[in-house]
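Engineer: Here it is: the structure, laid out below.
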Amino acid sequence: PCPWHVRACAVCSVPAVVSININVMEREVRNRRAEEVEALQAYYGNDLQRSLRDGSRSSPASPPPSSESETGDYPLEGPWFLIIRQANIESNGGVNSNSSLGTPTLEIRLPPCYPLGEAGPEPILHNVMMKPQLKQQFLKELRDMYEAELDVGILW
C-alpha cells in the first residue's frame with residue numbers, strides 16, 4: 001500500500017494500512033527525491049536534463065546548479081530526462097541513435113508516492129529507434145526493477 005494515503009490510493013489502488021502524517025511523508029518524499037536528483041547530477045552531469053531536448057535544434061546543455069546543496073531547476077516532482085549515450089546497437093535490430101530523430105532520451109515520470117510507495121516510476125524512451133517488441137520488453141524490464149523505497153534513476 002501507498003504509505004501516505006489514509007483512503008485508497010489513486011496511484012496503487014490499495015487501501016493504506018496506517019494513517020501517517022501527510023506533511024511528514026511529503027517532506028520525506030521531497031528529501032529522498034532531492035538526494036536522488038543530486039546523485040543523478042553527480043553521475044550523469046549535463047546528461048540529466050530539465051526537459052526533453054529536441055536534437056534537431058541547437059539548445060544548450062543545462063548548466064549544473066551553483067552549489068552541491070541545490071537541485072537547480074530540476075523539478076522534484078519530475079519528470080526527469082536522461083540523455084542516452086552510446087546507444088548504437090543497430091547490427092542486431094536494437095537501438096539506433098540516428099541524429100535525425102533527435103537526442104535519444106530516457107524520461108522518468110514519477111508517481112506521487114515515489115520512492116516510498118509501491119508504484120514505481122514510468123520509463124519512456126524518446127528519439128530511439130527500436131523494434132517495438134524489443135522496446136516494450138526493455139521498458140517492462142525497467143519497470144520490473146522497481147521495489148518500494150528503491151531509487152531507480154541511477155539503477156536504470
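What follows draws every value from the coordinates through simple rules; no lab data is involved. This is a predicted model, so every value here is computed, not measured. No Cβ is skipped: glycine too gets one built from the backbone with ideal geometry, and neighbour counts run over all protein chains shown.
Engineer: For Phe138 paired with Tyr44, estimate the spin-label separation in nm (one decimal), with each label point 7 Å from Cα along the Cα-to-Cβ line.
Structural biologist: 1.5
Engineer: Given a Förster distance of 25 Å, report the FRET efficiency between Glu149 and Ser51 from their Cβ-Cβ distance, rounded to the nearest 0.05.
Structural biologist: 0.35
Engineer: Right, next: Order of 76-85, 111-120, 43-52 by packing, highest average Cβ count within 10 Å first?
Structural biologist: Answer by packing, highest mean first, reads 111-120, 76-85, 43-52.
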